[in-house]
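Colleague: Before we start, here is the structure in question, set down as structure tokens.
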Amino acid sequence: MSEPQTSQEALRESEERFRGAFQYSPVGMGIVALDGRFVRVNPALCRIGGYTADELLSRKFQDVVPAEELDIHREEVRRLLRGEIESYEHEVRYRHKLGHDVWVRFTVSPIRGADGEVVHLLGQAEDISARREAERRLRQAERLEAVGRLAGGIAHEFNNLLAVIGGFARHALEVTSAEPLRRDLSEIVDATNRATDIARQLLAFSRDEASHPSVLDVNDVVRGVEPMLRSLIREDIELVAAVADEPCVVRVDRMQLERVIVNLVVNARDAIRGPGRIDIATRVLAPEEAPKAQPQLPRGSCVALSVSDTGSGIAADARPHLFDPFFTTKEQGEGTGLGLSIVYGIVEQFGGAVDVQSEPGHGATFAVYLPCSAEAPERPGDVQRAGAAPTQPPPPGGVETVLVVEDEEALRSLIELILTEAGYRVLAAANGEEALKLLRSRDPIDLVLTDSIMPRVSGSELVRRLRAIRPEARVIQMTGYRELGAPKDEFLAKPFEPETLLQSIREVLDRPPPGG
Ligand SMILES: Nc1ncnc2c1ncn2[C@@H]1O[C@H](COP(=O)(O)OP(=O)(O)OP(=O)(O)O)[C@@H](O)[C@H]1O
Ligand SMILES: [Mg+2]
């Protein structure tokens, strides 16, 4: 009968050793009775869940574990008691006193009594929320990238088709005066414009849209879009833009940053029922003020741009999906669910991060963090803004010879049609090889208009070879994608309106010839 004595002593001894380690361990520890009551808890465990020791001691294990995970623990404890396992370890959730869940790595092992029976359980919990969050972000980034690539590919194909549909319809509209036909054609043009907008959104989201980063002051950008934002929101919503006194200098694409602001403000507007208020604010954060929950932000100071609203706030179950493409809580036809994924994509592209704080019923705050740039900002007037003036002279034509290289047959004939009508002489080639043949002929060629993506000989390859054959010819590459390299060449973003095409051609032809 000395056996129980020994294990009791052993238990006491291990208790002794355990005491110090228990109290000061950085790992959360709790001793739990078999009915789940907490018998002893250490400060680290209290910290993880936001409880005081007394609060935990008056609770059961079952009270601090989400109901849907209780079965995992029940099953494992059963196996422990039957002696099938020595201990168990799981990554599980722990319910914080404030109601949210904290991810922990949870290890449970038995504490045996004098007779060898399990009398208590020792639970150890290590807070792994930060790692979980980092993994979640990575998964989200990967998912976005995969969807983005797909969306970009589709949008690229659609851009070409839309240019053809819209182009022919516009042309037909110009040449016919038959009334019912004109109405139908206008409908086609309108629908094509809407579809082109969506394709553009998709390209923005897939990050394949052309991006022209420059060094600028976020405060200028906010001031610049403010009047436009006012026109977007209802009259009973107050818009207050409070920019920092100091410049908030970052390196981003102005149009893309504007899109970020517009998307956030439109979301804020949609979240407000009845009267309300939207606040836009900017601030420079010193390195030590940088948000810790944003590990991907580079070290150093950053600019925080926040958009807060007094709207409905964000439900807890929507929170994890906000930045997912096509996640929307809006009615069919009211939202595509791309706004925030575009925001996310743009901000990531410039090395920044997006964060959201919201309490359901009490509005939401979206904060965009962008790394500060040490360069001097370009003055707003330095960059000519894209976009058409309200009244325009008729699109310019010409009599020069243009070689059109485009593998998409319908688009090629559309361009031929536009150019011929504007007076140009047009040569056409379906691919790079045909184009090179024409370039080697004795035909005069003033300008080559080429698709940038073609099978076998790509646009840029064609341009490289053309420089050797005809150094004097001007070149414009048409592209639906952001192009790398050859920055000195002219690019025309697809899809384009006939006027834009004609204007670019005229502009390039009117410049002094290359190399002279
Ligand atoms: N300020 C906000 N307040 C409350 N909910 C918001 C806010 N911003 C976004 N959300 C929620 O996030 C969802 C996704 O937003 P997102 O901008 O990606 O798509 P959308 O606004 O629904 O559609 P789209 O922007 O493509 O027109 C919204 O449907 C809405 O439920
Ligand atoms: Mg939106």
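Colleague: Determine the per residue accessible area of the stretch 310-362 with all protein chains present and a 1.4 angstrom probe, expressed in square angstrom.
Modeller: I get 51 Å² per residue for this part.
Colleague: Can you figure out the FRET efficiency of R425 with L98, using R₀ = 56 Å and their beta-carbon distance, to the nearest 0.05? Please report the intermediate quantities before stating the final value.
Modeller: Numbers: r = 74 Å, r/R0 = 1.32.
Given R0 = 56 Å and the Cβ-Cβ separation, E is 0.15.
Colleague: With n ≥ 4 as the cut-off for DSSP H runs, can you work out [θ] at 222 nm for the chain, using -39500 (n - 2.57) per run divided by the number of residues, rounded to the nearest 500?
Modeller: Value at 222 nm, helices only: -14000 deg cm²/dmol.
Colleague: How big is the convex hull of the Cα atoms of the chain, per residue, in Å³? Walk me through the intermediate numbers first.
Modeller: Working: hull volume 116.1 nm³, N = 516.
Spelled out: Cα convex hull of the chain, divided by residues, is 225 Å³.
Colleague: Right, here's the next one. I'd like the distance separating the alpha-carbon centroids of the stretch 390-442 and the stretch 175-201, in whole Å.
Modeller: Here the two parts' Cα centres lie 24 Å apart.
Colleague: Given H placed 1.01 Å from N in the peptide plane, which residues other than close sequence neighbours of I278 have an amide H under 5 Å from its amide H?
Modeller: HN-HN under 5 Å from I278: E238, L239, V240.
Colleague: Hey, another quick one. Need one word for the stretch 411-511: rounded, prolate or oblate. Basis is the Cα gyration tensor (sqrt eigenvalues a ≥ b ≥ c); a/c below 1.5 gives rounded, then a/b vs b/c decides.
Modeller: On the way: a/c = 1.33, a/b = 1.09, b/c = 1.22.
Here the stretch 411-511 falls in the rounded category.
Colleague: Let me ask you something else. Could you derive backbone 3J(HN,Hα) for the stretch 356-368 from the dihedral phi with the Karplus parameters 6.51, -1.76 and 1.60 (θ = phi - 60°), listing whole Hz in sequence and x where the residue is Gly or Pro?
Modeller: 9, 10, 7, 10, x, x, 10, x, 9, 10, 9, 10, 10
Colleague: Amide H of V119 versus every other amide H placed in the peptide plane: which residues, excluding those fewer than 5 positions away on the same chain, fall under 5 Å?
Modeller: For V119, whose amide H was placed from the backbone, the distant partners under 5 Å are I111, R112, G113.
Colleague: Quickly work out the D443-to-S7 label distance, labels modelled 7 Å from Cα along the C-beta direction, and quote it in nm with one decimal.
Modeller: Rounded to a tenth, the inter-label distance reads 9.6 nm.
Colleague: Largest first, how would M228, M29, M255 line up by accessible area (1.4 Å probe)?
Modeller: Details: M228 85, M29 20, M255 105 Å².
Solvent-accessible surface, decreasing: M255, M228, M29.
Colleague: Compute the distance in nm between two label points, each set 7 Å from the Cα along the Cα-to-Cβ direction, one at T329 and one at R465.
Modeller: Here the answer is 5.7 nm between the modelled labels.
Colleague: Same structure again: With charges only on Cβ, +1 for K and R and -1 for D and E, what is the dipole size of the chain about its Cα centre, in debye, rounded to 20?
Modeller: Numbers: 62 positive and 82 negative charges, 111 e Å.
Dipole magnitude for the chain comes out near 540 debye.
Colleague: Let me ask something else about it. If you count, for each residue, the other Cβ atoms within 10 Å and average over each peptide, how do 155-163, 268-276 line up from highest to lowest?
Modeller: Those peptides, ordered most packed to least, come out 155-163, 268-276.
Colleague: Classify the stretch 1-53: rounded, prolate or oblate, from the alpha-carbon gyration tensor (a ≥ b ≥ c, eigenvalue square roots; a/c under 1.5 rounded; otherwise prolate if a/b is larger than b/c)? Intermediate results must be reported in sequence, preceding the final value.
Modeller: Details: a/c = 4.61, a/b = 1.92, b/c = 2.40.
Judged from the Cα gyration tensor, the stretch 1-53 comes out oblate (a/c at least 1.5, b/c at or above a/b).
Colleague: Using the Kirkwood radius over C-alpha pairs as Rh, can you work out the diffusion coefficient of the stretch 290-346 via Stokes-Einstein at 25 °C, viscosity 0.890 mPa s, in µm² per second? All intermediate terms of the calculation are to be shown ahead of the outcome.
Modeller: On the way: Rh = 13.7 Å.
Roughly 180 µm²/s, to the nearest whole number.
Colleague: Multiply the residue gap between E289 and E499 by 0.36 nm, knock off their C-alpha separation, and tell me the result in nm, one decimal place.
Modeller: 70.7 nm
Colleague: May I pose another question? Assuming R0 = 22 Å, what is the FRET efficiency of E226 and V356, from their Cβ-Cβ distance, to the nearest 0.05?
Modeller: After rounding, the FRET efficiency stands at 0.50.
Colleague: Sticking with this structure for a sec: Within the set of other residues whose C-beta is less than 12 Å from the C-beta of V249, count the net charge using Lys and Arg as +1 and Asp and Glu as -1.
Modeller: -4
Colleague: Go through L449, L70 and list them by solvent-accessible area, largest first, probe radius 1.4 Å.
Modeller: Output order, biggest surface exposure first: L70, L449.
Colleague: Let me ask something else about it. Report the Cα centroid-to-centroid distance between the stretch 251-272 and the stretch 344-366 in angstrom, as an integer.
Modeller: 11 Å
Colleague: At a probe radius of 1.4 Å, what is the per-residue accessible area of E55, in Å² to the nearest 10?
Modeller: 50 Å²
Colleague: Related question: With a Förster radius of 51 Å, plug the Cβ-Cβ distance of E89 and A410 into 1/(1 + (r/R0)^6) and report the FRET value to the nearest 0.05.
Modeller: With a Förster radius of 51 Å, E is 0.25.
Colleague: Pop a pseudo-label 7 angstrom from the Cα along the beta-carbon direction at both L34 and S458 and give the gap in nm to one decimal.
Modeller: Inter-label distance under the simple model: 7.0 nm.
Colleague: How would you rank 171-179, 298-306, highest first, on the average number of other Cβ atoms within 10 Å across their residues? Write out the running numbers ahead of the final one.
Modeller: Values: 171-179: 11.3, 298-306: 18.2.
Packing proxy ranking, top to bottom: 298-306, 171-179.
The values are calculated or read from the model by the stated rules, or taken from the named source; none is laboratory data. As the structure is a prediction and not an experimental result, all values here were calculated from the model. Because the Cβ atoms are built from the backbone with ideal geometry, glycine has one as well, and the counts that use them run over all protein chains shown. The accessibility values were calculated without ligands, DNA or RNA, using every heavy atom of the protein model including side chains. Shrake-Rupley method; radii C 1.70, N 1.55, O 1.52, S 1.80 Å.
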